[in-house]
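So the structure is just underneath, and the comments pick up after that.
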Amino acid sequence: MDGPCDPELQHLLADAQHGSLDAVEQLIDLFTPYTRKAVRRSLRSVRRKVQSRYDSRDFVQSAWVAFFAVPGQLERFTRPEDVLK
C-alpha cells in the first residue's frame, strides 16, 4: 500500500479485532458519515421503486456488519483511505 500508515487507526482496528466494543463504536462514529454519503449517492441511481423500499441506514448497517464479519480482515487497513475504499 502506498502512503504512510495511520498509527491511531491501526490501534483502533486492532482493538476492534480483539473485541473492544469501544473501538468498534469509535470506528463506526468516525466513518459512518462517509459510508452514508456513498450509500445515498448509490441509491440516487436506483429506480424510485427500490429507493422507497430501502433506507440508506439499512445499507450502512449492512456495510458495517460485512466490515466486521471476517476475522482478521481489519489488519489490511492501514490508512483512513483504505477503510473508505
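The values are calculated or read from the model by the stated rules, or taken from the named source; none is laboratory data. Please read these numbers as outputs of a predicted model, since none were measured by experiment. Methodologically, a virtual Cβ is constructed for each residue, glycine included, from the backbone with ideal geometry; neighbour enumeration extends over all protein chains shown. SASA here: full protein model, heavy atoms, side chains in, ligands and nucleic acids out. Shrake-Rupley method; radii C 1.70, N 1.55, O 1.52, S 1.80 Å.
Ignoring ligands, DNA and RNA, what percent of the accessible area of the chain is carbon or sulfur (1.4 Å)?
Reported share for carbon and sulfur atoms: 53 percent.
Suppose each label sits 7 Å from its Cα in the direction of the beta carbon; what would the His11-Lys85 distance come out to in nanometres?
With each label placed 7 Å out from Cα toward Cβ, I get 2.5 nm.
For Arg36, tell me the accessible area in Å² from a 1.4 Å probe, rounded to the nearest 10.
In the full protein context, Arg36 sits at about 80 Å².
With unit charges on the beta carbons (Lys and Arg positive, Asp and Glu negative) and the dipole taken about the Cα centre of the chain, which residue among Cys5, Leu84, Ser56 sits farthest to the positive side?
The listed residue farthest towards the positive side: Ser56.
Under the 0.36 nm per residue contour assumption, what length would be gained going from the current alpha-carbon distance of Glu75 and Lys37 to full extension?
Working: separation 38, 0.36 × 38 = 13.68 nm, distance 2.47 nm.
Taking Glu75 through Lys37 to full extension adds about 11.2 nm, to one decimal.
Considering only protein heavy atoms, what per residue accessible area in square angstrom results for the chain with a 1.4 angstrom probe?
Dividing the accessible area of the chain by its residue count gives 74 Å².
In terms of solvent-accessible area of protein heavy atoms at a 1.4 angstrom probe, what is the ranking of Ser62, Ser45, highest value first?
Numbers: Ser62 70, Ser45 100 Å².
The ranking, largest first, comes out as Ser45, Ser62.
Heads up, I need the accessible area for Glu8: 1.4 angstrom probe, whole protein in place, Å², nearest 10.
140
Taking just the alpha carbons, could you work out the radius of gyration and Dmax for the chain, both in angstroms?
That works out to 14.4, 44 Å for Rg and Dmax.
Asp22 to Val46: FRET efficiency via 1/(1 + (r/R0)^6), r the Cβ-Cβ distance, R0 41 Å, to the nearest 0.05?
For R0 = 41 Å, the calculated efficiency reads 0.70.
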